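**Q** The structure is given below, and queries will be raised subsequently.
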Amino acid sequence: MCAMARPRKPLLSTDRIVETARDLVDTEGLAAVSTRRLAAELGVSGPSLYNHFRTKDEILEAVADSVSALVDLSMFEDGRDWRTALHDWAVSYRAALRDHPNIVPVLARGPGRRPAALRLADAVYGAMVEAGWPPAQATSIGALMRYFIMGSALGSFAGGFVDDASAYDPADYPHLGQAHLLAEQQEKIDERAFEAGLTALLDGLAQQYERAGQQA
């Protein structure tokens, strides 16, 4: 009796669709994702995708949630103080967005119904309340951290300067004589700026936390 032949292609699955769509977003941007393009990449017929997702927007939501799922949340469960936990979480969150920057506009809409994004929001809010922050302030902390992290991922400060020295005529821009060198140090400058901003933000929160404790 002959053994049944194995299928030539892996069976279509939600995870496989999301992974393929995420690769497309990473390499070509959000506009590259369509059901027709995804079907071609997966080697299936277009209608077969509708067994897993009803629309392109649902696919992009799933891609966004797969990126949220990459963010480490263990710091909110292992006993780290609230400031250290926020710092370490912010670094992990930014790393995930840095690796998948093209999906940031979808993530910036908020968590919606996405499970991983809601778990992320729940972890941050819960940890702040447990640390003694009033619920309203805990909500504000989650919001301001998201603004800061998302903003840092939307574009590179250093990468926004062209590497042509002639673009910075000292007659017009007397303080930008070295601006053409920024792009080649993009990663270092952006990393340093993120850490400086994060430290300043956390310092400010620590002062508020101390004042609130004194008043209590």
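The values are calculated or read from the model by the stated rules, or taken from the named source; none is laboratory data. Since the model is a prediction, treat every value here as computed from it, not as a measurement. Neighbour counts run over all protein chains shown; Cβ positions are idealised from the backbone, glycine included. SASA here: full protein model, heavy atoms, side chains in, ligands and nucleic acids out. Shrake-Rupley method; radii C 1.70, N 1.55, O 1.52, S 1.80 Å.
**Q** Round to the nearest 10 and give me the degree value, 0 to 90, for the angle of helix 186-215's Cα axis relative to the longest principal axis of the chain.
**A** Taking Cα atoms only, the helix is inclined about 60 degrees.
**Q** Right, here's the next one. Counting heavy atoms of the protein chains only and a 1.4 Å probe, report the per residue accessible area for the chain as a whole number of Å². Mind dumping the intermediate values first?
**A** On the way: 13000 Å² over 216 residues.
Heavy-atom accessible area per residue stands at 60 Å².
**Q** Here is a further query. Please report, in whole Å³, the volume per residue of the convex hull around the C-alpha atoms of the stretch 86-215.
**A** Per-residue hull volume (Cα only) is 137 Å³.
**Q** Okay, moving on. Once you treat every alpha carbon in the stretch 70-132 as an equal point and sum by Debye, what is log10 I(q)/I(0) at q = 0.12 Å⁻¹?
**A** -0.30
**Q** Dipole of the stretch 43-195, Cα-centred, from +1 at each Lys and Arg C-beta and -1 at each Asp and Glu C-beta, to the nearest 20 debye?
**A** Computed about the Cα centre, the dipole is about 640 debye.
**Q** Let me ask something else. Considering only GLY126, PRO174, SER13, whose Cα is most displaced toward the positive end of the charge dipole of the chain, charges sitting on Cβ of Lys, Arg (+1) and Asp, Glu (-1)?
**A** SER13
**Q** Right, something else. At 0.36 nm per residue, and after removing the present C-alpha to C-alpha distance, how many nm does the segment from ASP169 to LEU70 gain when stretched out fully?
**A** Separation in residues times 0.36 nm, less the Cα-Cα distance, equals 31.2 nm.
**Q** Same structure, new question: Rounded to a whole number, what is D in µm²/s for the stretch 129-189 from Stokes-Einstein with the Kirkwood radius over alpha-carbon pairs (10 °C, 1.306 mPa s)?
**A** 110 µm²/s
**Q** Would you work out which of GLY110, LEU201, SER34 lies farthest towards the positive end of the dipole of the chain? Charges go on Cβ: Lys and Arg +1, Asp and Glu -1.
**A** The residue sitting most towards the positive pole is SER34.
**Q** Taking the square root of 5 times each eigenvalue of the Cα gyration tensor, what semi-axes in Å does the equivalent ellipsoid of the stretch 1-113 have, largest first?
**A** Taking √(5λ) for each Cα gyration eigenvalue gives 33, 18, 12 Å.
**Q** Here's something else I'd like to know. Is it possible to state the helix-based mean residue ellipticity at 222 nm for the chain, with each DSSP H run of 4+ residues giving -39500 (n - 2.57), the sum divided by total residues, to the nearest 500 deg cm²/dmol? What is it?
**A** Working: 8 runs with 123 residues, N = 216.
Taken over the chain, the calculation gives -18500 deg cm²/dmol.
**Q** Let me ask something else. On the protein heavy atoms, probe 1.4 angstrom, tell me the percent of accessible surface of the stretch 121-205 carried by carbon and sulfur.
**A** Reported share for carbon and sulfur atoms: 58 percent.
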